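Chemist: Please read through the structure below; I'll follow up with questions.
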Amino acid sequence: MYRFKRLLVGISFADQDGASIRYAAMISRLARSEKVVFLHVASSVDLPEDLLEEYPDLFQPVGDYAQEKMKKLVGQYFDGHPETEVSCQVVEGSPLIEFLRKVKEEDVDLVVMRKRGEPGTAGTLFEKLARKAPCSVLFVPEGSKAWFTNILVPVDFSENSLDAMEVAVAIGLAASGIKEIYCLHVYSVPIGFYKTGKSYEQFSEIMKGHAEKHYEEFIKKVYLKGLAAVPIFKLERKEYRGVQEVIKDRGISLVVIGARGRKAGAGVLLGSVTEHLINITTVPLMAVKKKGTGMGLLDALLKL
């Protein structure tokens, strides 16, 4: 858990902020984090001068009020590592830009974000932030319990999957009770399989055999540190659907996935499968990025 020394947690004063704060506390304990920044971005509103003269209290800065409210929330839900520095900050401006600016200023390793519990809620501020953040992101759906009982890593045998496995192993070792990591590879049968003279069933076995071979080569590169890797091979045309089925069947409590994989061209900073999972999953999901990914794009955004 050496990666996650500096955390940024978005606070919106919604009912489910507590879940994000509890997860930040858990990561803080597991990683012995140096600092956790809780951030609320207040959108600035331009008011007519005559209205401000009539109602001068409208001009009072919201920072003090919001900061006190945030401190109460953090005091209620945050029980992180005793040596972790805690900072509650309020800024005004565009939420997306200000969050990205804070990621850079605070040298953040992991962003912890609340996600609505129901599937199909992509496009929110937090998910837009995740696509552009130059670091890993943990999505916390509403109602999530702040503990991990088992971990699933969807793999495509790429360097990004190796990175995700490294993080999953670190979490598994830090969280008591986890003895194994589920490694899922979703494979499919090419559309032109019939040209080989093989049946669909025959060619699906050929594809599975190749996947098993690549998995054996892949897992040798992973330092499991005493944990067991349990391979799962699933036939499904849509990769994200295969992942969702395994999450449900195995009662998965955390998904760790490389933010960019073999099909990185399908997204700007997140792979297409990761994008779908962020949209539909109802369990905590950590999108692992190498720190600094997309920093050039971030610098360009902050100059706008």
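Chemist: For region 260-275, enumerate the residues that are of a type in the set (A, V, I, L, M) and at pLDDT 80 or above. Spell out the reasoning first.
Modeler: Taking region 260-275 first, the residues of a type in the set (A, V, I, L, M) are 264, 266, 268-270, 273.
The answer is VAL273, and nothing else.
Chemist: A further question on this structure: So, GLU216, is that one acidic (Asp, Glu) and either in contact (Cβ under 8 Å) with a residue 24 or more places away in the chain or surrounded by 11 or more Cβ atoms within 10 Å (Cβ to Cβ) (or both) or not? It would help to see each step written out before you state the result.
Modeler: Working: acidic (Asp, Glu): yes; either in contact (Cβ under 8 Å) with a residue 24 or more places away in the chain or surrounded by 11 or more Cβ atoms within 10 Å (Cβ to Cβ) (or both): no.
Here the answer is no, as GLU216 does not meet what is asked.
Chemist: If you go through region 18-28, how many residues are modelled with pLDDT under 90 and either on the phi > 0 side of the Ramachandran plot or surrounded by fewer than 22 Cβ atoms within 10 Å (Cβ to Cβ) (or both)?
Modeler: Residues in region 18-28 being modelled with pLDDT under 90 and either on the phi > 0 side of the Ramachandran plot or surrounded by fewer than 22 Cβ atoms within 10 Å (Cβ to Cβ) (or both): 1 in total.
Chemist: Continuing with this model, one more query. Residues that are farther than 30 Å from LYS5 by Cα, out of contact with any Ser or Thr (no Cβ under 6 Å at 6 or more places or on another chain) and loosely packed, with under 14 Cβ neighbours inside 10 Å: does region 172-191 have at least one?
Modeler: Looking through region 172-191, at least one residue is farther than 30 Å from LYS5 by Cα, out of contact with any Ser or Thr (no Cβ under 6 Å at 6 or more places or on another chain) and loosely packed, with under 14 Cβ neighbours inside 10 Å.
Chemist: While we're looking at this one, here's another question. Does ASP163 satisfy the criteria of being in a loop (DSSP other than H, G, I, E, B) and at pLDDT 90 or above? I'd like the intermediate steps shown before the answer.
Modeler: Numbers: in a loop (DSSP other than H, G, I, E, B): no; at pLDDT 90 or above: yes.
The answer is no for ASP163.
Chemist: Tell me the residue from VAL86, VAL74, VAL91 that is modelled with pLDDT of 75 or more and buried (at least 20 other Cβ atoms within 10 Å of the Cβ), please.
Modeler: Step by step, each of VAL86, VAL74, VAL91 is checked, and only VAL74 is modelled with pLDDT of 75 or more and buried (at least 20 other Cβ atoms within 10 Å of the Cβ).
Chemist: If you check ILE252, ILE257, ILE278, ILE247, which single one turns out to be over 17 Å from LYS234 (Cβ atoms), of a type in the set (Val, Ile, Thr), at pLDDT 70 or above and in the same structural domain as PHE233 (by TED's automatic domain parsing)? Can you show your working first?
Modeler: On the way: ILE252 fails: over 17 Å from LYS234 (Cβ atoms); ILE257 fails: over 17 Å from LYS234 (Cβ atoms); ILE247 fails: over 17 Å from LYS234 (Cβ atoms).
One residue alone meets the criteria, ILE278.
Chemist: Which residue pairs have Cβ atoms closer than 8 Å, lie 6 or more positions apart in sequence or on different chains, and pair a first residue in region 95-111 that is surrounded by 17 or more Cβ atoms within 10 Å (Cβ to Cβ) with a second residue that is among the polar types (S, T, N, Q) and not in a loop (DSSP other than H, G, I, E, B)?
Modeler: LYS102/GLN89; ASP109/SER136; LEU110/SER136; VAL111/SER136
Chemist: Could you list all residues from region 149-167 that are out of contact with any Phe, Trp or Tyr (no Cβ under 9 Å at 6 or more places or on another chain) and buried (at least 24 other Cβ atoms within 10 Å of the Cβ)?
Modeler: Scanning region 149-167 gives a single hit, ALA164.
Chemist: Among the residues in region 191-211, are any within 27 Å of SER28 (Cβ to Cβ) and at pLDDT 95 or above?
Modeler: Restricting attention to region 191-211, the residues satisfying the condition of being within 27 Å of SER28 (Cβ to Cβ) are none.
No, there is no match, as no residue in region 191-211 is within 27 Å of SER28 (Cβ to Cβ) and at pLDDT 95 or above.
The values are calculated or read from the model by the stated rules, or taken from the named source; none is laboratory data. Remember, predicted model here, so these are calculated numbers, not experimental data. Backbone-built Cβ (ideal geometry, glycine too); neighbour counts: all protein chains shown.
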